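Step one of this worksheet: look at the structure below.
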Amino acid sequence: EDGSTRRAELSKDFSEEIEVPFDSVKWLLAEHCKRLMTIHHKHSTSNAKIDRPQILSDTFTFTLYGPSEEAVRLAKADIYQVVGINSQDREKLRFNYAVNQLKYNQESVTAAVVANIRNKGTSLHLSDNVIQRIANSFVFEKPHVVQRFTTIVASTDKEKIDILQKCAAKLKAPQVIIFAEPDRVKEMEKNNRVLRAFGVHAVYIHREVEKAERMKRLEEFKNGSPNPVDGESDKKARVLVTTQDYAKLARKTEIPYANFIVHFTMPKGKEAYLLQTNCTGRGGHKGVDLIFCQPFDIDAQKDLHTDFKFIDFTEDEFGRVANELEYDSFSNDLTPAGAEPPSNWKQLLENEKAEKEAKKAEKAAQKK
């Protein structure tokens, strides 16, 4: 029986998007996807096409389909078993590494140098150039400097926007990234309430934004807008409303400077929170973050408090911290030169499009 025909006939009543580590996916797709097909036959499941990962991605993401929620759950568990680690363990490992990244990287390089000294005079000894390349593969960043605030709010957005207005009154310029669930980002884009809070039009990024438009918006965020704060015209104003996807990108590349992170909705776990808040406090520059915690988020809030120190939000306390913040300005550029998006992003998209068209033409020619 043809595998593609069979998959087309399978139920797609239930689905879930899963991530498979890039360096482990070979175990899943080896031998013409033998292991993956075995799992599908076992649970009557199927999957969407597994595309190549995006630039800087460390995972393959694809959708798993099945006739029931239980079937999808069991197939997902088998897939994670094949690739050697389950999602919770992976999250814990990534979280621990992210919290202790500088320490772990220093220890790793030190261990490599010590081992190489011991191996001097043997076939295992590495040249200084090789050791230098190994050291350069690690990231040695200063620990993020972030003052963490939390506040409990009702279930409406109005209270959150009111609080953000109070925050904006303490800032010399809005240089803000607001994180929320994808559906909330799209909703916020429609009602544009963030404009009322900060006095500037926000940039909205989510998966439904086409790539060219997404790059255009990211460039707008990077360049900034006129600052609405009186007497502070030299400072750039930038507000981005986005999802966890941007936090994952920021983990691996430079982004425009921001000194204030807002968690408009409660992050899904410690790792998600850490990735989001680490978009500020970079390079020794102090940052501040604020979590809006609704009554049903209390358990998640308590879990975060086991690893991070928060203080309750008050206008006075926020104002004290805001006075210590630095700002990206025309006379003092704090945005890294290589921050996303690159200045030649239009050309890169054109090259990518031309490459796809060439491959498509090549395949068409082979069929003739």
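Every number in this text was worked out from the coordinates using simple rules, so none of it is lab data. Model, not experiment: these values are computed from the prediction. Positions of Cβ are backbone-derived with ideal geometry, glycine not excepted, and every protein chain shown enters the neighbour counts.
Details
- Reachable lysines, given that their alpha-carbon falls under 24 Å from the alpha-carbon of Lys103 and they are not under 8 places away in the same chain: Lys92, Lys142, Lys248, Lys252, Lys270, Lys286, Lys309
- Degrees between helix 101-118 axis and first principal axis of the chain (Cα, 0 to 90, nearest 10): 60 degrees
- Counting only lysines at least 8 places from Lys368 when in the same chain, those with an alpha carbon closer than 18 Å to its own are Lys359, Lys360.
- Inter-site label distance for Glu315 and Ala339 at 7 Å from Cα along Cβ, in nm: 3.0 nm
- Each DSSP beta bridge with both residues in the chain is either parallel or antiparallel, and the antiparallel ones are about 35%.
- Efficiency of FRET from Cβ geometry, Lys103 and Ser123, R₀ 25 Å, rounded to 0.05: 0.20
- Karplus-derived 3J(HN,Hα) values for region 186-197, using 6.51 cos²θ - 1.76 cosθ + 1.60 with θ = phi - 60°, are 5, 5, 5, 5, 6, 8, 6, 5, 5, 4, 5, 6 Hz; glycine and proline are entered as x.
- Nonlocal amide H pairs with Ala237, under 5 Å, H built at 1.01 Å: Ser225, Asn227
- Using alpha-carbon coordinates, inclination of helix 69-83 to the longest axis of the chain, degrees: 80 degrees
- Cβ-derived FRET efficiency at R0 22 Å, Lys211 paired with Glu16, nearest 0.05: 0.35
- Here Lys42 is the anchor, and the lysines within straight C-alpha reach of less than 16 Å, apart from those fewer than 8 places off in the same chain, are Lys12, Lys34, Lys76.
- Remark: the Glu352-Phe62 segment gains 102.2 nm on full extension, using 0.36 nm per residue and subtracting the alpha carbon distance.
- Derived scalar couplings between HN and Hα for region 142-159 equal 5, x, 5, 10, 9, 8, 9, 10, 9, 8, 8, 10, 6, 7, 9, 6, 4, 5 Hz in order, rounded to whole Hz, by the Karplus curve 6.51 cos²θ - 1.76 cosθ + 1.60 (θ = phi - 60°), x for Gly and Pro.
- The spacing between region 253-292 and region 148-171, judged by their C-alpha centroids, is 16 Å.
- Rounded if a/c under 1.5, otherwise prolate or oblate - region 177-256, Cα gyration tensor axes: oblate
- With each label modelled as a point 7 angstrom along the Cα→C-beta vector, the Ala365-Glu31 pair spans 3.7 nm.
- Amide H contacts of Val146: Gly287, each under 5 Å away and 5 or more positions distant or on a separate chain (H built 1.01 Å from N in the peptide plane; Pro and chain starts excluded).
- In the chain, helices alone account for a calculated mean residue ellipticity at 222 nm of -15000 deg cm²/dmol, with every DSSP H run of four or more residues adding -39,500 (n - 2.57).
- One chain, two ends: Lys166 and Phe330. Fully extended at 0.36 nm per residue, the span grows by 56.5 nm beyond their Cα-Cα distance.
- Cα-based shape type of region 211-350, given that a ≥ b ≥ c are square roots of the gyration tensor eigenvalues and the cut on a/c is 1.5: oblate
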